[in-house]
């Protein structure tokens with residue numbers, strides 16, 4: 001190994017048993033992992049179940065031989081720590097290390113949001129991905145929240161023409177998550193994927209998570225955001241259009 005491990009550390013507003021179940025039950029994983037596409041159930045099987053090594057008594061879960069979840073019981077809250085094996089052992093795997101690591105940042109915060117704000121609820125998602133031809137927050141009109149701390153309220157006009165308001169849910173080196181009141185207390189995650197062997201020019205990504213929208217409202221949202229994305233990022237990345245790069 002030639003590098004330090006990548007770590008994601010969050011505190012989730014749910015008891016440790018609920019967080020553990022959300023990592024082991026495919027129906028519950030579906031409520032937070034990635035985004036919806038035809039292969040989501042198969043992806044969940046491959047990532048979380050196939051070859052997984054679990055220690056329920058210790059709330060430890062190792063998946064794919066590379067990623068270790070450790071849960072700490074904090075009463076009505078849970079600390080989740082995800083540690084990735086350092087790069088350096090497999091050149092083919094290393095090429096996707098940064099892409100997968102950024103994916104885990106997204107997914108872990110989606111898990112915290114689902115359990116903390118919408119326990120037991122299903123979601124609908126819109127996934128947008130493309131080459132990083134322009135700064136993402138600038139293109140989306142979200143520069144005002146670029147440096148805001150978690151918990152900071154915001155209100156802007158979104159790139160698809162709708163008012164967006166809520167609060168900053170999280171921020172990391174390359175991502176920001178915003179709650180969105182108008183999406184049934186939904187979540188908007190905007191991510192910049194740094195250049196890597198897998199994505200030499202870098203990439204831009206958004207995941208829109210909604211709750212409680214009827215068919216017409218969701219279809220309208222999906223159409224408007226896809227139309228904006230096509231204008232703002234006219235050369236979409238080959239991967240991601242069908243969700244196939246959800247975990248690298």
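If I build a Gaussian network model for the chain, linking alpha-carbon pairs within less than 10 angstrom, which residue out of 202, 75, 184 has the largest mean-square fluctuation?
Result for the chain, Cα springs under 10 Å: 75 fluctuates most.
Return the Rg/Rh ratio of the stretch 63-176 with Cα-based radii and a Kirkwood Rh. Kindly include the intermediate steps, with their values, before the conclusion.
Values: Rg = 16.8 Å, Rh = 16.9 Å.
Rounded to two decimals, Rg over Rh is 1.00.
What whole number of Å gives the distance from the Cα centroid of the stretch 213-233 to the Cα centroid of the stretch 11-74?
Each part's Cα centre sits 30 Å from the other's.
So what's the Cα pair-distance distribution over the stretch 117-199, bin width 5 Å, in %?
In whole percents, the pair-distance histogram is 3, 12, 25, 25, 18, 10, 5, 1.
Relative contact order for the stretch 92-248: what is it in percent, counting Cα pairs under 8 Å that are at least 6 residues apart?
Working: 253 pairs, mean separation 45.7, N = 157.
Relative contact order for the stretch 92-248 comes out at 29 percent.
Ranking request for peptides 145-151, 223-229: highest mean number of other beta-carbon atoms within 10 Å first, then the rest in descending order.
Details: 145-151: 12.7, 223-229: 16.3.
Highest mean packing first, the order is 223-229, 145-151.
Rounded to the nearest 500, what is the chain's calculated 222 nm mean residue ellipticity when only DSSP H runs of at least 4 contribute -39500 (n - 2.57) each, over all residues? Provide the component values of the computation, followed by the final result.
Values: 7 runs with 65 residues, N = 248.
Theoretical 222 nm ellipticity from helices: -7500 deg cm²/dmol.
Obtain the nm distance between the two label points defined at residue 143 and residue 10 by a simple spin-label model: each point lies 7 Å from its Cα along the Cα-to-C-beta direction.
2.9 nm
log10 I(q)/I(0), Debye, Cα-only the stretch 9-64, no solvent, q = 0.13, 0.25, 0.31 Å⁻¹?
-0.34, -1.12, -1.33
In square nanometres and to one decimal, what's the mean projected area of the convex hull around the Cα atoms of the stretch 1-104? Intermediate results must be reported in sequence, preceding the final value.
On the way: hull surface 27.6 nm².
With the hull built on Cα positions only, its mean projection is 6.9 nm².
Throughout, read-outs are computed from the coordinates displayed, never taken from laboratory work. This structure is a prediction, so every number in the text was calculated from the model and none was measured. Reconstructed Cβ throughout: ideal geometry from the backbone, glycine too, with neighbour counts over all protein chains shown.
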